[in-house]
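Colleague: Structure below; questions to follow.
The values are calculated or read from the model by the stated rules, or taken from the named source; none is laboratory data. Because the structure is a prediction, the values reported are computed rather than measured. So basically every Cβ, Gly included, is an ideal-geometry build from the backbone, and we count neighbours across all protein chains shown.
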Amino acid sequence: MTPGTSIMTSQRPPRILFAGGGTGGHVYPAIAIANAVRKKCPEAIVAFAGSKNRIEWTAVPAAGYPIHSVTVQGLLRGFSLSNILKNLKLPFVIGKGMQESLRLISAFDPDVAVGTGGFVSAPVILAAHLKKRPVLIQEQNAHVGLTNKFLARFADRIHAAFADTLNVFPADRTTISGNPTRKGLAETSKEEARAFFDIQQGQRVLIILGGSGGARAINDTFQRQLEDFLYRRNVVVIWQTGAKYFNRLDDELDKHPRLRLMKFIDRMDYAYAVADLAICRSGALTCSELMITGTPSILIPSPNVAEDHQTRNAESMVEAGAARMLPESKMNTQLYEVWEELWEDEKELARISASALQHGSPDAASIIADDVLKLSGRYTA
């Protein structure tokens with residue numbers, strides 16, 4: 001038997017239900033685990049639960065998996081009349097979501113339920129526990145989210161990306177396995193990547209990433225300072241703006257032969273392969289991809305995320321020597337200075353790259369998939 005294969009212990013193929021959504025940081029790790037499950041056990045039956053108005057509703061079918069709708073709503077912060085009215089409906093929304101989740105568990109009959117965070121994972125994983133199905137949860141961030149903090153008490157197995165989470169999760173049920181990422185990120189030909197972005201000999205590449213939806217603060221700051229970056233004749237800028245910001249920036253910016261303005265980068269493997277340095281947010285998935293590819297980075301945590309988890313992600317990267325961090329509040333005055341200092345120090349860039357690679361977890365999806373299949377009771381890895 002070759003490594004990574006599984007032996008069937010029951011005639012019924014394993015049935016795995018994934019629940020996670022709201023952001024790409026919750027959805028794409030779930031898809032990566034599902035892909036690893038399918039690779040190890042092609043006959044496995046995999047489905048997802050998600051919300052119709054969030055990213056999972058398009059991302060999951062695009063990956064080739066069915067998705068079932070579960071009604072969810074988080075507690076809305078702020079005291080606007082709209083938020084207050086929506087929060088008053090919250091108990092009814094939660095009740096409806098639980099009913100839908102219980103029906104889904106009965107109908108799909110999963111052997112294992114896997115939660116990767118986001119509001120939708122709470123009712124589905126709780127319903128699976130009430131129906132006495134094994135549960136596995138995966139936490140992407142250094143700071144444990146409220147949903148997974150609540151669900152940990154019901155989980156048979158917990159997988160986390162950062163060791164910091166062991167002060168929240170029980171050590172006897174927790175594995176620090178890293179974040180599952182899209183396959184092949186670190187296996188791309190640099191020559192193919194340079195051709196894809198039309199990067200010439202002697203040019204160096206800066207990539208600007210604002211997460212899957214873009215980051216307005218980063219876009220605004222970089223728009224004001226773009227000429228300073230492009231003043232150096234060997235700098236090429238690949239700038240992922242996010243769909244909702246692209247048209248305005250495309251209209252307002254002068255065309256430049258060394259600027260690659262993009263709504264969304266479909267070939268992130270190529271972007272990482274050509275990047276000499278990245279300026280980006282510190283979402284869990286981005287941090288994991290930076291480490292797997294060994295891409296030096298300046299991390300600008302979003303201050304507008306729950307429990308400031310991006311700051312903790314960035315701090316963990318900095319502590320590991322795998323990145324630099326710049327608070328958003330200092331971006332306007334210090335971004336170019338921090339970039340210039342690092343850009344000119346190729347030895348430091350190489351050191352950061354080596355540290356990032358040392359802390360990356362390219363086998364995370366495979367490790368978690370093994371645990372999912374073991375929990376199913378129908379396969380042994």
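Colleague: Quick check: anything in the stretch 238-254 within 22 Å of M325 (Cα to Cα) and either free of Cβ contacts under 8 Å to residues at least 24 places away in the same chain or surrounded by fewer than 21 Cβ atoms within 10 Å (Cβ to Cβ) (or both)?
Modeller: yes
Okay, residues lined up against (1) over 26 Å from A320 (Cβ atoms); (2) assigned by TED's automatic domain parsing to the domain that holds D111; (3) touching a Pro at 6+ places or on another chain (Cβ under 9 Å):
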{"residue": "H129", "(1), (2), (3)": "yes, yes, no"}
{"residue": "R133", "(1), (2), (3)": "yes, yes, yes"}
{"residue": "G145", "(1), (2), (3)": "no, yes, no"}
{"residue": "A152", "(1), (2), (3)": "no, yes, yes"}
{"residue": "D156", "(1), (2), (3)": "yes, yes, yes"}
{"residue": "D164", "(1), (2), (3)": "no, yes, no"}
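Colleague: If you check S101, S10, S82, which single one turns out to be modelled with pLDDT of 95 or more and over 22 Å from E289 (Cβ atoms)?
Modeller: Only one candidate passes the filter, namely S101.
Colleague: So, one more: Among the listed residues S361, S329, which satisfies the condition of being surrounded by fewer than 20 Cβ atoms within 10 Å (Cβ to Cβ), of a type in the set (G, A, S) and not in a loop (DSSP other than H, G, I, E, B)?
Modeller: None of the others qualify; the one that does is S329.
Colleague: Could you say which residue among A271, A278 is in a helix (DSSP H, G or I), closer than 23 Å to Q200 by Cβ and either modelled with pLDDT of 95 or more or charged (D, E, K, R) (or both)?
Modeller: None of the other options fit; the residue is A271.
Colleague: Could you please find all residues in the stretch 289-304 being touching a Gly at 6+ places or on another chain (Cβ under 8 Å) and aliphatic (A, V, I, L, M)?
Modeller: Within the stretch 289-304, M291, I292 meet the criteria.
Colleague: Here's another thing I want to ask about it. Criterion first (surrounded by 13 or more Cβ atoms within 10 Å (Cβ to Cβ) and outside the structural domain of G117 (by TED's automatic domain parsing)) does A323 satisfy it?
Modeller: In short, yes.
Colleague: Does the stretch 219-254 hold any residues that are in a loop (DSSP other than H, G, I, E, B), under 24 Å from the mean Cα position of the chain (by Cα) and not hydroxyl-bearing (S, T, Y), and which are they?
Modeller: Scanning the stretch 219-254 gives a single hit, G242.
Colleague: Here's another thing I want to ask about it. Suppose the filter is touching a residue at least 60 places away in the same chain (Cβ under 8 Å), more than 28 Å from G97 (Cα to Cα) and not assigned by TED's automatic domain parsing to the domain that holds D109; does G210 pass it?
Modeller: yes
Colleague: Please specify each residue of the stretch 200-218 satisfying the condition of being in a helix (DSSP H, G or I) and surrounded by fewer than 20 Cβ atoms within 10 Å (Cβ to Cβ).
Modeller: Correct list: R216, A217.
Colleague: Right, something else. Can you tell me how many residues within the stretch 290-326 are hydrophobic (A, V, I, L, M, F, W, C), in a loop (DSSP other than H, G, I, E, B) and touching a residue at least 24 places away in the same chain (Cβ under 8 Å)?
Modeller: Selection size over the stretch 290-326: 5.
Colleague: For residues in the stretch 11-42 being in contact with a strand residue (DSSP E or B) (Cβ under 8 Å, 6 or more places away or on another chain), of a type outside the set (A, V, I, L, M, F, W, C) and in a loop (DSSP other than H, G, I, E, B), which is surrounded by the fewest Cβ atoms within 10 Å (Cβ to Cβ)?
Modeller: Only one residue fits best here, namely P13.
Here's the yes/no breakdown for (1) modelled with pLDDT of 95 or more; (2) in contact with a Leu (Cβ under 9 Å, 6 or more places away or on another chain); (3) over 30 Å from A142 (Cβ atoms):
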{"position": "L206", "(1), (2), (3)": "yes, yes, no"}
{"position": "V237", "(1), (2), (3)": "yes, yes, no"}
{"position": "K244", "(1), (2), (3)": "no, no, no"}
{"position": "P257", "(1), (2), (3)": "yes, no, yes"}
{"position": "S297", "(1), (2), (3)": "yes, yes, no"}
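Colleague: Next question. Considering only residues that are touching a strand residue (DSSP E or B) at 6+ places or on another chain (Cβ under 7 Å) and buried (at least 20 other Cβ atoms within 10 Å of the Cβ), which ones fall in the stretch 263-276?
Modeller: Matches in the stretch 263-276: A271, V274, A275.
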